[in-house]
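Asks: Let me give you the structure first, and then I'll get to my questions.
The values are calculated or read from the model by the stated rules, or taken from the named source; none is laboratory data. Note that the structure is predicted; figures quoted are calculated from it, not measured. Cβ placement follows ideal geometry from the backbone for every residue including glycine, while neighbour counts extend to all protein chains displayed. Each accessible area value is taken on the protein alone, full model and side chains, heavy atoms only, with ligands, DNA and RNA left out. Shrake-Rupley method; radii C 1.70, N 1.55, O 1.52, S 1.80 Å.
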Amino acid sequence: MAGFRALARSGPTALKAEALARDLGTTKGSFYWHFADLPDYQARLIQLWEERAFDSVIAELDPAVAPRTRLEQLCHAAVEFCGPSYGGAALEPALRAWALVSPDVAKAVARMDARRIAYLTCLCREAGVENPQAPDALYALIVGLEILGLQNAQDTMLLLLNRL
């Protein structure tokens, strides 16, 4: 979590063993006890993000409700996903910025985008949303809301959902 917070706060240059150890009140040696090297740490950080940024959001959805309600739950959960211990709202934009300079991170972000859009596509279909561009529009709005950090993200999301 310290890595996510550092990334969100200062970008990928903050992902250094010494800085992370200092932030956690431990030693650099302790960092290397857990990770082979900095690339190993960064790969595991991205892997954890891929697991949590999809699975944790989907786990919040109520499978007993109608598909349209689940779609609304998903959109709300997506714009509220990152708490402060996980880097807050700045985490996903920081990951996207990191992806511009790291091919491995770019691949992970592309995988996540594809996975999320595929899920949105299925959920839109189940909810009776007929416009084939709706999943892309919803996802673009979610990503845009994260980047802009708007305070009224819920209201903005509802505006689009009510038009589907």
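Asks: Residues that are within 11 Å of the chain's Cα centre (by Cα), within 24 Å of ALA2 (Cα to Cα), buried (at least 17 other Cβ atoms within 10 Å of the Cβ) and at pLDDT 90 or above: does the range 110-124 have at least one?
Replies: yes
Asks: Let me ask you something else. Can GLU51 be described as out of contact with any Asp or Glu (no Cβ under 9 Å at 6 or more places or on another chain), assigned to a loop (DSSP other than H, G, I, E, B) and either open to solvent by 20 Å² or more (accessible area, probe 1.4 Å) or not hydroxyl-bearing (Ser, Thr, Tyr) (or both)?
Replies: no
Asks: I'm trying to understand the selection: among the residues of the range 14-46, which are over 15 Å from SER102 (Cα atoms) and either touching a residue at least 40 places away in the same chain (Cβ under 8 Å) or in a loop (DSSP other than H, G, I, E, B) (or both)?
Replies: Across the range 14-46, the qualifying residues are LYS16, GLY25, THR26, THR27, PHE35, ALA36, ASP37.
Asks: I'd like to verify a number: residues in the range 145-157 that are free of Cβ contacts under 8 Å to residues at least 60 places away in the same chain and surrounded by 13 or more Cβ atoms within 10 Å (Cβ to Cβ), how many?
Replies: 3
Asks: Restricting attention to the range 21-45, which residues are under 23 Å from ALA89 (Cβ atoms) and touching a Lys or Arg at 6+ places or on another chain (Cβ under 9 Å)?
Replies: ASP23
Asks: Still on this structure, please answer the following. Can you tell me which residue within the range 134-157, out of those that are acidic (Asp, Glu) and within 17 Å of the chain's Cα centre (by Cα), is nearest to ALA53 (Cα to Cα)?
Replies: The selected residue is GLU146.
Asks: Also: Being among the aliphatic types (A, V, I, L, M), under 16 Å from the mean Cα position of the chain (by Cα) and at pLDDT below 90 is the filter here; which residues of the range 22-57 pass it?
Replies: Matches in the range 22-57: ALA53, VAL57.
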